[in-house]
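Notes follow once the structure below has been shown.
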Amino acid sequence: MLRFGILSTAKIGRELVVPAIQDAENCVVTAIASRDLSKARAMADRFSVPHAFGSYEEMLASDVIDAVYIPLPTAQHIEWSIKAADAGKHVLCEKPIALKAAEIDEVIAARDRNKVLISEAYMVTYSPVWRKVRSLLSEGAIGKLRHVQGAFTYFNRDPGNMRNIPALGGGGLPDIGVYPTITTRFSTGIEPLRVQATTERDPEFGTDIYSSVRADFGSFELSFYISTQLAARQVMVFHGTEGFIEVKSPFNADRYGAEEIEVTNQSHGESRLYRYQDCRQYRLEAEAFARAAAGEDAEVVTLESSRKSQLFIDAIYRASEKDGWEAV
C-alpha cells in the first residue's frame, strides 16, 4: 500500500481526491498537513487518517508517508513538488503543475536526482471514457479525423477564490483551458504545431476569463473556447470524414450531465452510445500512480508530457497578444 500524505486541506482534496485514495485498492492516506494544525486534525478525523501535521515540512520529514498529493494553489506547485521530491517522496501534483513550461525543467531535475515519481494529476487520462475515445480514433471509427471542437465554461466572480487571484496562479487557461488541450493530445497522440487565440481579462481581477483558440495539429484542427464567466457547459466533439464522436460531460464526469460517448458513422449508417455509470477517474488515477511508484507497468502522466501541455498553454497566451499564428 502506497502511503499518501496530503499537502493542505484544499477543497478538491477533501471532496474528491482523498475519498478516492481511501477507496483505492493499493494506496491509503496516512497523513494530512496544514499550516493550521487544528484544520489538519479535523480533516484527518473526518477520513480516519492516523497522522496530522501542523506544517508541510514536518510531514515531508516524517517516515509515515511514501508519497504526497499536492492540491495547493497553482503558484505553489513547483516549489512543493521539488521540496517533496528532495524529501524522497513520490509526488502527485494537482494540475497545472506549472505556469510556464520552463519551470517544469526544475521538477524534472528534482525527479531524476531523487529517483522518485512525479506526475501531474490529469484525472481525465485515467477515465475509461477517454481511453475509449482514444481507442475509437485509433481504430478509425469515424474515418480520418479532421476537426476537434470543445468548450468548458463556468461562472465564478468570487474575489476570494484562487481562480480569480493572479498571484495564486488564477485564470481560465490554467484552470480549465488545460482540459481541451490535454484530452485532444491524449486521445490522438499528436502534438499541436501552431495556434491562434483571443483572450479577455477581467478588469477587476486581472485574470484571463475567456479564450477562443484555434490550434493546428497538422492533420486536423482543434477549436475550443473556455470561460470562467459564462454559464456552465462542457463538450468535446471529434469530427472525421465518415462520422463524429461526441463526448458528453467530458471533464468533470457526471457533474455536467451523463457520462456518455455518442459515435455516429454515416458511411456505415450506424450510431452507437456508450454509457458509463461512474467512471471513478480519481480512484483510477490514484491506483495507476501507486502501481507506477512501485515500479509496475502503469500509464501515468509524465513530466515530459506535462511540459508539452504547458508549451501549448504558453503559446495560447502569446498568440492572444498578436494577430496570426504562433508556434507552439
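Odds and ends about this structure:
- The strands (runs of 3 or more DSSP E) found wholly in the stretch 7-109 and carrying at least 2 residues that are under 18 Å from the mean Cα position of the chain (by Cα) and buried (at least 23 other Cβ atoms within 10 Å of the Cβ) occupy 67-70, 90-94.
To keep it simple, each residue is scored yes or no on (1) in contact with a strand residue (DSSP E or B) (Cβ under 6 Å, 6 or more places away or on another chain); (2) surrounded by 21 or more Cβ atoms within 10 Å (Cβ to Cβ).
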position	(1), (2)
GLY140	no, no
GLY150	yes, yes
THR153	yes, no
TYR179	yes, yes
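- Which listed residue, of SER212, SER227, is of a type in the set (Gly, Ala, Ser), buried (at least 19 other Cβ atoms within 10 Å of the Cβ), in contact with a Phe, Trp or Tyr (Cβ under 6 Å, 6 or more places away or on another chain) and at pLDDT 95 or above: SER227
- Count of the stretch 230-270 residues which are within 22 Å of PHE220 (Cβ to Cβ) and more than 21 Å from the chain's Cα centre (by Cα): 14
- Residue match in the stretch 297-318 (condition: farther than 27 Å from PRO192 by Cα and out of contact with any strand residue (DSSP E or B) (no Cβ under 6 Å at 6 or more places or on another chain)): yes
- Strands (runs of 3 or more DSSP E) within the stretch 164-229 that include 1 or more residues among the acidic types (Asp, Glu), in contact with a Leu (Cβ under 8 Å, 6 or more places away or on another chain) and closer than 19 Å to LYS95 by Cα: 208-216
- Looking across ARG163, ARG157, ARG185, ARG146, one residue alone is within 27 Å of GLU326 (Cα to Cα) and exposed (fewer than 15 other Cβ atoms within 10 Å of the Cβ). It is ARG146.
- In the stretch 87-127, residue farthest from ILE176 (Cα to Cα) [restricted to those that are touching an Asp or Glu at 6+ places or on another chain (Cβ under 7 Å) and among the small types (Gly, Ala, Ser)]: ALA110
The values are calculated or read from the model by the stated rules, or taken from the named source; none is laboratory data. Note that the coordinates shown come from a computational prediction; the quantities given were computed from them, not determined experimentally. Quick reminder, even Gly has a Cβ in these numbers, built from the backbone with ideal geometry, and neighbours come from all protein chains shown.
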